[in-house]
């Protein structure tokens, strides 16, 4: 057994640290994330363009499609260092969701058409999966696509669509056939958000922010060439995509960074109860980090960890949520105030700790993490079925 | 022994329930939250007409002489409907201090509170107090000038008067100040649950002897009792929230179908909802214990209110978080009521000491 990374991996880590510390990470974006200021669309674009310019955008793609071809360990290090460096999470919808489906199941024309723009972050993608009646039971989806000549006509609605208000394209799961087995008859189609008949309506969440949307499709006419792979095989692609969504789900780097911030705050409070809670959380973080490393080691040494990765989702999100709870607790009585996701106006800030607004915003926003990407209850079902075999 | 409400108390409960159902649904509440005022003057007048604003004042002060049991009933129902009218600041906190004081001018002010024509806010908190409200830095000098900054003044934006805790020599004092007096400045901020609270600064504000409500041990006693009563009230509010959380979650999981069946069929969700129910019943038990202790003015009343608030801090957040989780995406949507219970629970946890603080107070 050897817990150390190789010399090459350490060099790789240092290269990332150097890039983050020495101007690679756009300073205006870094300033905002360091101070808990919400990022604009332009900030997000600037950040992604910078990552792209460095050649890291295809972090989980094989080399043949223009990706980095990194090993699982390198991918782990990349994700952790970006989290530790306080970067916003890289938007997954293009690069790590739709792109692997396109380069694995799409035709050459689609690869040429979509992959370069994803790598350069010229297009912003969003995900058309959940529907009002289909959340955990995704395969029950009802949005319909009917083939008419060279086109599909799409009708239905998608919900909880993250940042659809910014998106150029959406990948949607649609029903192209009504079948006995609901997983059959689903297709995977790429839709230009400018197509007539698409309407995006904001859903405001309890933190007061506009992050998610409802997307309505009324007689939306999409060229048949936008179908990825075979008609009716969409469920296979959807499952393949969800496996890629697991990337970085433990958010270990981000949590370690937040933990450090929390420890600094709590050390000033003279509050033994809080110190104990922070120590307990630190132990959980350590256990999670080591669990992820064990899965990584198995992967690098010929193993095929499968459903065990659901542990990362469950514990990773629990830790993220507990962190936000402790920040709120550290704010004490001042946690009464919440000016909304954009914080207090700079010319009228109240006395009291300066992390209040950010903490409440994060607490409320992070309620979603145990719900999305397969709720934690669903993750436990997966472990019980595929690992425990019950 | 009989732990049931009296007939009159049941009537009061039904009266408040009826109001919440007919006059204060979630959409109405959202209108109030989004308005400039953080209360609705029509609703406030209605509260006055129903006698709810005079309810806890003694009969000598022109009130009904109702006690902590009736207040708990009111707040529990307010919690269920997430009523955000500023009852706590004027009627409970300021009202209780005035009512129990020997302040000469108290009857006029109480009358104005009862009629709904005046809001009075208690300025008890400061940025450094860590829930110990009896040693304020705000000071009243020998030449009668008040200086200092008070934090988190509930409903400060609407208050015509502030009752301010301050130090005067080595003593605690409670003074009453007009909000438009020279040297008073008020900046208001939104709270998590959609109300406002204010930062109120006093700069050389002149305080006449006639405006000193109490000082020394009397001030200490008045302040601690008022805050204890308010702690009981917000805890009762939390119990109401918890009740609604499990009831609404049961209703939702029975109607939400996934995998061709209502999700309430899944045992893991059933057990979670049972846990929510149990937590809410345990809190209700501690609430009943605490309100009876406060009602009899017992020596242990502070301790029992601490037990209640300590449990609320844990169980309340658990219930609201699980309600959100079991509602899935709907739980985090601002358009639905359910996520607002979580915000209310955050607010209640921040007020008057969180769970850790009250565990410690209980054990002392």
Exercise. List the pairs whose first member sits in segment A:79-94 and is surrounded by fewer than 19 Cβ atoms within 10 Å (Cβ to Cβ), whose second member is assigned to a loop (DSSP other than H, G, I, E, B), and whose Cβ atoms are under 9 Å apart, counting only residues at least 6 apart or on separate chains?
Worked result: A:86/A:25; A:88/A:39; A:89/A:248; A:89/A:251
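Here is a yes/no grid of residues against (1) in a helix (DSSP H, G or I); (2) over 18 Å from residue A:198 (Cβ atoms); (3) out of contact with any strand residue (DSSP E or B) (no Cβ under 6 Å at 6 or more places or on another chain):
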residue	(1), (2), (3)
A:89	no, yes, yes
A:93	yes, no, no
A:98	yes, no, no
A:104	yes, yes, yes
A:110	yes, yes, yes
A:113	yes, yes, yes
A:117	yes, yes, yes
A:122	no, yes, yes
A:127	no, no, yes
Exercise. Only one of B:43, B:83, B:92, B:33 is within 24 Å of residue B:153 (Cβ to Cβ), surrounded by fewer than 21 Cβ atoms within 10 Å (Cβ to Cβ) and within 17 Å of the chain's Cα centre (by Cα); which?
Worked result: B:33
Problem set entry | Per-region count, segment A:132-188, residues under 21 Å from residue A:369 (Cα atoms), assigned to a loop (DSSP other than H, G, I, E, B) and under 18 Å from the mean Cα position of the chain (by Cα) | 7
Exercise. Name the pairs whose Cβ atoms lie under 6 Å apart, with the first residue in segment A:347-359 and within 15 Å of residue A:258 (Cα to Cα), the second part of a loop (DSSP other than H, G, I, E, B), and 6 or more positions between them or separate chains?
Worked result: A:356/A:331; A:358/A:36; A:359/A:331
Exercise. Considering segment A:353-368 alone, what residues qualify as being under 14 Å from the mean Cα position of the chain (by Cα) and surrounded by fewer than 20 Cβ atoms within 10 Å (Cβ to Cβ)?
Worked result: A:365, A:366
Exercise. Taking residue A:345, is it within 11 Å of chain B (Cβ to nearest Cβ), at pLDDT 95 or above and farther than 23 Å from residue A:92 by Cα?
Worked result: no
Exercise. Is it true that some residue in segment A:322-341 is surrounded by fewer than 21 Cβ atoms within 10 Å (Cβ to Cβ), outside the structural domain of residue A:203 (by TED's automatic domain parsing) and without any contact (Cβ under 8 Å) to a residue 12 or more places away in the chain?
Worked result: no
Exercise. If you scan segment B:42-70, which residues turn out to be touching a residue at least 12 places away in the same chain (Cβ under 8 Å) and in a helix (DSSP H, G or I)?
Worked result: B:43, B:44, B:45, B:46, B:47, B:48, B:50, B:61, B:68, B:69, B:70
For this session: Can you confirm whether segment A:60-68 contains a residue that is surrounded by fewer than 19 Cβ atoms within 10 Å (Cβ to Cβ), at pLDDT below 95, under 20 Å from residue A:316 (Cα atoms) and not assigned by TED's automatic domain parsing to the domain that holds residue A:260?
Result: no
Seminar exercise, completed: Of the residues in segment B:188-211, those that are at pLDDT 95 or above and either at positive phi or not assigned by TED's automatic domain parsing to the domain that holds residue B:147 (or both) come to B:204
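Per-residue answers, yes or no, for (1) within 14 Å of chain A (Cβ to nearest Cβ); (2) surrounded by fewer than 20 Cβ atoms within 10 Å (Cβ to Cβ); (3) closer than 19 Å to residue B:292 by Cβ:
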| site | (1), (2), (3) |
| --- | --- |
| B:217 | no, yes, no |
| B:222 | no, no, no |
| B:225 | no, yes, yes |
| B:234 | yes, no, yes |
| B:239 | no, no, yes |
| B:242 | no, no, no |
| B:248 | no, yes, no |
For this session: Take residue A:29 and decide whether it is part of a helix (DSSP H, G or I) and either more than 20 Å from the chain's Cα centre (by Cα) or within 30 Å of residue A:229 (Cα to Cα) (or both).
Result: no
For this session: Name, by its number, the condition in (1) at pLDDT below 90; (2) in contact with a helix residue (DSSP H, G or I) (Cβ under 9 Å, 6 or more places away or on another chain) that does not hold for residue A:24.
Result: (1)
Exercise. Applying the selection to segment B:322-349, what residues are under 23 Å from residue B:234 (Cα atoms), at the interface with another protein chain (Cβ under 7 Å from one of its Cβ atoms) and surrounded by fewer than 21 Cβ atoms within 10 Å (Cβ to Cβ)?
Worked result: B:334
Exercise. Limited to segment A:185-201, what total is found for residues that are touching a helix residue (DSSP H, G or I) at 6+ places or on another chain (Cβ under 7 Å) and free of Cβ contacts under 8 Å to residues at least 60 places away in the same chain?
Worked result: 4
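Every residue, every condition in (1) closer than 20 Å to residue B:40 by Cα; (2) more than 19 Å from the chain's Cα centre (by Cα); (3) within 14 Å of another protein chain (Cβ to nearest Cβ), yes or no:
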site: B:146; (1), (2), (3): no, yes, no
site: B:151; (1), (2), (3): no, no, yes
site: B:174; (1), (2), (3): no, yes, no
site: B:197; (1), (2), (3): yes, no, yes
Exercise. Among the residues of segment B:350-364, which ones are at the interface with chain A (Cβ under 7 Å from one of its Cβ atoms) and in a helix (DSSP H, G or I)?
Worked result: B:350, B:356
For this session: Could you run through segment B:123-135 and say how many residues are more than 14 Å from chain A (Cβ to nearest Cβ) and either without any contact (Cβ under 8 Å) to a residue 40 or more places away in the chain or closer than 24 Å to residue B:44 by Cβ (or both)?
Result: 1
Exercise. Hey, does segment A:318-338 have a residue that's facing chain B (nearest Cβ under 10 Å) and within 30 Å of residue A:240 (Cβ to Cβ)?
Worked result: yes
Exercise. Do the conditions hold for residue B:319, that is, is it in contact (Cβ under 8 Å) with a residue 40 or more places away in the chain and over 14 Å from residue B:240 (Cα atoms)?
Worked result: no
Exercise. Do you know which residues across segment A:377-388 are touching a residue at least 40 places away in the same chain (Cβ under 8 Å), within 12 Å of another protein chain (Cβ to nearest Cβ) and farther than 20 Å from residue A:238 by Cβ?
Worked result: A:380
Problem set entry | The lone exception for residue A:76 - which of (1) outside any helix (DSSP H, G or I); (2) more than 22 Å from residue A:166 (Cα to Cα); (3) touching a helix residue (DSSP H, G or I) at 6+ places or on another chain (Cβ under 8 Å) it fails | (1)
For this session: Give the residue, chosen from B:32, B:92, B:43, that is at pLDDT 95 or above and away from every other protein chain (no Cβ under 14 Å).
Result: B:92
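The values are calculated or read from the model by the stated rules, or taken from the named source; none is laboratory data. The structure displayed is predicted, hence computed values, not measured ones. Every residue, glycine as well, gets a Cβ built from its backbone with ideal geometry; the counts of neighbours run over all protein chains shown.
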